[in-house]
Amino acid sequence: MEYLESLKIRVPKYANPADFYLDVLMQAKKAQKPISFNHENYLKLIAPQVDKDLTTLSTLPFTYVRKQNTVLYEMEQVARRGIINFVRNPMILRGKILTTRII
């Protein structure tokens, strides 16, 4: 964020910074304006913020809970995915019907 601000590019308040940055790059490419982004600027402006964020995240307490699904639930999910695949690609359904008739 600081890097964009150093280029006098303000990120809108509720915008996703990554999407906004890509939009800025696309606009610059269309306008053929050079963007001064290099490794030195990354190390000076972006890397310290990334390190700070990673340090903050590593101190947060995370709890991991593993949930065992039932066989019935797993079968339901597989059947649901199969139906979605049939709707997306009717040729799969025709192939399954043809295979069933032959066997």
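The values are calculated or read from the model by the stated rules, or taken from the named source; none is laboratory data. Everything numeric here is computed off the predicted structure, so don't read it as measured data. No Cβ is skipped: glycine too gets one built from the backbone with ideal geometry, and neighbour counts run over all protein chains shown.
A few comments on the model shown:
- Flag for Phe86 being free of Cβ contacts under 8 Å to residues at least 12 places away in the same chain and in contact with a helix residue (DSSP H, G or I) (Cβ under 8 Å, 6 or more places away or on another chain): yes
- If only residues of the stretch 11-25 that are modelled with pLDDT of 80 or more and loosely packed, with under 14 Cβ neighbours inside 10 Å are counted, the one that is nearest to Lys44 (Cα to Cα) is Ala18.
- Residue pairs whose Cβ atoms lie under 7 Å apart, separated by 6 or more positions or on different chains, with the first residue in the stretch 1-18 and farther than 17 Å from Val50 by Cβ and the second of a type in the set (A, V, I, L, M), are Ile9/Val24.
- Selection status of Ala79, among the small types (Gly, Ala, Ser) and assigned by TED's automatic domain parsing to the domain that holds Leu7: no
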